[in-house]
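Below you'll find the structure, written out as structure tokens, and then a few comments.
The values are calculated or read from the model by the stated rules, or taken from the named source; none is laboratory data. Quick caveat: nothing in here was measured; it's all calculated off a predicted structure. Note that each Cβ is placed from the backbone with ideal geometry, even for glycine, and that neighbours are counted across all protein chains shown. Only protein heavy atoms, including side chains, enter the accessible area calculation; ligands, DNA and RNA are left aside. Shrake-Rupley method; radii C 1.70, N 1.55, O 1.52, S 1.80 Å.
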Amino acid sequence: MNKLWRLLGRRLLQFLPILVFATFVVFGLLQLVPGDPALSLAGDYASTQRIAEIRHEYGFDQPLVVQYGIWLWHAMHGNLGLSLFSSEPVTQLIEDRLPNTIMVAVYALVVASAIGIPLGVLAATRSGSKIDSFVTSTASMGVALPSFWLAMILALQFSLYRHWFPTTGAADFFTDPAGAISHATLPAIALAVGVVATLARQVRSDLLEVLNQQYMRTLRAKGLSNGAILWKHGLRNVSATLLTLTGLQVNRLFSGAVVIEAVFAIPGVGSLVSYSAINKDFPVVQGVVLVLVLIVISVNLFVDIITALLDPRVTAST
Amino acid sequence: MLSRAGTGKTTPMSVAAGKVSDSEKQVSTSALLDVRDLSVSFRDDAGWVQMLNNVAFTVKRGETLGIVGESGCGKSLTALSVMGLLPKRGCRRTGAIVFDGRDLAALGESGMRQIRGRQIGMVFQEPMSALDPVFTVGDQIAETVRTHFPVSQREAKERAVEALASVRIAGPANCATQYPMSLSGGMRQRVMIAMALVCEPKLLIADEPTTALDVTIQAQIMELLLELGQRTGTALLFITHNLGLIAESCERMIAMYAGEVVEDGPVESILQRPLHPYTAGLLESLPGRRAPKSRLSSIPGRVPSAREMPVGCRFGPRCNYAAAACQEPQRLRAVDDRHVRCVRASDLALAGAGV
Ligand SMILES: Nc1ncnc2c1ncn2[C@@H]1O[C@H](COP(=O)(O)OP(=O)(O)OP(=O)(O)O)[C@@H](O)[C@H]1O
Ligand code: SF4
Ligand SMILES: [Mg+2]
């Protein structure tokens, strides 16, 4: 338990710089986007003086580091500023749209785990069989499939032609669960395919390695059934790497969401961030990035704790 | 509790012509384990290769039998055959393995599961990798108990702690909560022994249990195995390539060479007067002998590969006493108090361990 706390403390210390670094990099990158937000804010016929005023008002005339410092200071107090264009609070924008993104990401993760993990187990226990080569080869293809391409095919086939699912938009999960699920199904599938392939491949190779360990023979010599050996000892031994991998998939799902939300016109943070970046709506982009990094970090932290509890080697090696 | 001894029936042995001598051996009714004509082959790209050839031996109740032989001669295969732990695919096993009146070779996988860990325990060579790294040793021992007895988790844990105490681990209750990685090799081997003995099996197979350990720890583990065997009446099948260990610990022994039993008899009389030139070669390498060399370096040449086995005596190419008659396949024949696979056994006068 002591070790666990130490691990947690160390992780938090590692995450803080990551958080600052990631948001600062995005802050810097936004400067490279062509166009001047002050110009668009000022309107078409604004005088040079007016533009300068606006620059000053919004702090655009300050050095980059100072601008960033001010933003960070406010962010630490829960104030992410206002959108430059709609003047809505950024926190409000994110609050409205984040549930739609989470819906798709969680849906995709659940579907992907429910399919990918059993497939990997199946392939590992029947290694060398036809099932194994089928899983392995399909997974290699699945890993390479671009999700936006898949998204377009799915949208075309199942919503435009067949009308099985709505083409665009989203619904609130708590007021209209059926609607939310039906809206999120195609985007979730598009995102899940790559994750299924990654999970299946990794589970297969990890489990195969574990099943060939010497201690598997000991377990058989104890009189354990194959089921107990596979599901209790086999899976417990791969659980740490498996969870870590699943944590990484969360990062991947959120970054994938940016593209997928564009294809399905889902009002999530993905589409919000791409739209705002084009318009140089700095506060919105910064806010979304901060929230996404926070989500990813929390997921990783959670994964770290669970793996440390499941596998004594994790706390020993870190 | 789960023992169904006596209810199973012994499969009649198939005695093929030319193997008569292997079955000449009187099957004592008190034999706990009676291995007859055990052959094991593996399939590779070029076809089937035989790795064990008509291996036969018995272990009596409560007895300690040693198996000695060079690396690759089939000692571990013999042990795994008895446990039914050979690979399922690409492996063929024939012969009878009569344990406590039942032929294990004819028993299915679920029947074998009730034997493994309960009636026959096994300790492996590699203590570092033989325990599951993500469960505490207490859980792993308790799991063995729960596999074979309908006891509560708590009771199983208590039995595990007792088992750890019986292998003389100081602070057994604390040890039970440890993960294998925090234990030394010697400690892990003690844990393995505790786990193998926790259900009080009738037979314990120890496959080179001390080879991977420090010399000082080796002696302690050997002592422990023998003492526990004696106290619980568990028979011990002790596998090693170190004849010295057998000399110290076993009543009877068999020497294996290239997948065959070449000599089988009481340790004392074999040490005094080996009948097979290979056994005599093994004796040469015992410490305190004229040429105190390590291992079996005193026998020149090397073991023929399974694909290029000589038709005649398998030891022939390395034997100083080879004669014309040795070109014939050698049978295991009864000579005095032994069984020997050598046509010249009766007329050779081989040196024993120096007295
Ligand atoms: N699964 C397998 N597939 C193919 N060949 C095998 C297999 N297991 C063992 N063998 C072969 O069978 C022969 C006997 O092996 P075994 O492990 O019984 O030797 P050993 O006497 O225990 O040797 P050591 O002292 O090195 O442990 C070896 O030549 C080995 O290569
Ligand atoms: S049969 Fe011949 S070759 Fe084989 S061990 Fe005996 S004497 Fe040597
Ligand atoms: Mg071996």
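One table, with the values for the structure above:
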quantity	calculated
Test: residue in the stretch A:246-254 that is open to solvent by 40 Å² or more (accessible area, probe 1.4 Å) and either within 14 Å of another protein chain (Cβ to nearest Cβ) or small (Gly, Ala, Ser) (or both)	no
Test result for B:ASN242, of a type in the set (S, T, N, Q), within 16 Å of ligand 3 (Cβ to nearest atom), open to solvent by 50 Å² or more (accessible area, probe 1.4 Å) and away from every other protein chain (no Cβ under 14 Å)	yes
B:ALA106 being touching a residue at least 12 places away in the same chain (Cβ under 8 Å) and away from ligand 1 (no atom under 16 Å from the Cβ)	yes
Count of residues meeting criterion [in a loop (DSSP other than H, G, I, E, B), more than 9 Å from ligand 2 (Cβ to nearest atom) and either crowded, with 19+ Cβ neighbours inside 10 Å or under 22 Å from the mean Cα position of the chain (by Cα) (or both)] in the stretch B:327-349	3
Tabulated pairs, the stretch B:155-173, first under 13 Å from B:ASP139 (Cα atoms), second open to solvent by less than 40 Å² (accessible area, probe 1.4 Å) and among the aromatic types (Phe, Trp, Tyr), C-beta under 9 angstrom, 6+ apart or interchain	B:GLU155/B:PHE149; B:ALA156/B:PHE149; B:ARG159/B:PHE149
Members of the stretch A:278-318 found to be outside any helix (DSSP H, G or I), away from chain B (no Cβ under 14 Å) and surrounded by 21 or more Cβ atoms within 10 Å (Cβ to Cβ), listed by number	A:LYS280, A:ASP281
Residue list for the stretch B:124-135, restricted to those being within 8 Å of chain A (Cβ to nearest Cβ) and either on the phi > 0 side of the Ramachandran plot or open to solvent by 10 Å² or more (accessible area, probe 1.4 Å) (or both)	B:GLU126, B:SER129, B:PRO133, B:PHE135
Hits in the stretch B:190-213 - residues which are surrounded by fewer than 18 Cβ atoms within 10 Å (Cβ to Cβ) and farther than 21 Å from B:CYS175 by Cα	B:THR211
Extreme residue, surrounded by the most Cβ atoms within 10 Å (Cβ to Cβ), among residues of the stretch A:159-204 that are outside any helix (DSSP H, G or I) and out of contact with any helix residue (DSSP H, G or I) (no Cβ under 8 Å at 6 or more places or on another chain)	A:ASP176
Enumeration of residues in the stretch B:162-175 that are in a helix (DSSP H, G or I) and more than 14 Å from chain A (Cβ to nearest Cβ)	B:GLU162, B:LEU164, B:ALA165, B:SER166, B:PRO172, B:ALA173, B:ASN174, B:CYS175
Complete set of residues in the stretch A:50-101 that are in a helix (DSSP H, G or I), open to solvent by less than 70 Å² (accessible area, probe 1.4 Å) and farther than 28 Å from A:ALA171 by Cβ	A:ILE51, A:ALA52, A:ILE54, A:LEU64, A:VAL66, A:GLN67, A:TYR68, A:GLY69, A:TRP71, A:LEU72, A:ALA75
Count of the stretch B:186-212 residues which are within 15 Å of ligand 1 (Cβ to nearest atom) and assigned to a loop (DSSP other than H, G, I, E, B)	5
Pair list, Cβ under 6 Å, 6 or more apart: the stretch B:37-54 residue within 20 Å of B:VAL262 (Cβ to Cβ), other residue buried (at least 18 other Cβ atoms within 10 Å of the Cβ) and of a type in the set (Val, Ile, Thr)	B:LEU38/B:VAL55; B:MET51/B:VAL40; B:LEU52/B:VAL40
Close pairs from the stretch A:113-138: first more than 21 Å from A:THR246 (Cα to Cα), partner outside any helix (DSSP H, G or I), Cβ under 8 Å, at least 6 apart	A:ASP132/A:ARG126
Residue identified as open to solvent by 20 Å² or more (accessible area, probe 1.4 Å) and either closer than 19 Å to A:ARG220 by Cβ or more than 25 Å from the chain's Cα centre (by Cα) (or both) among B:GLY108, B:GLY121, B:GLY117, B:GLY138	B:GLY108
Evaluation of B:TRP48 against (1) surrounded by fewer than 24 Cβ atoms within 10 Å (Cβ to Cβ); (2) under 30 Å from B:MET187 (Cα atoms); (3) more than 10 Å from ligand 1 (Cβ to nearest atom) (one fails), failing number	(2)
Residue match in the stretch B:126-137 (condition: in contact with a helix residue (DSSP H, G or I) (Cβ under 9 Å, 6 or more places away or on another chain), in a helix (DSSP H, G or I) and of a type in the set (A, V, I, L, M))	yes
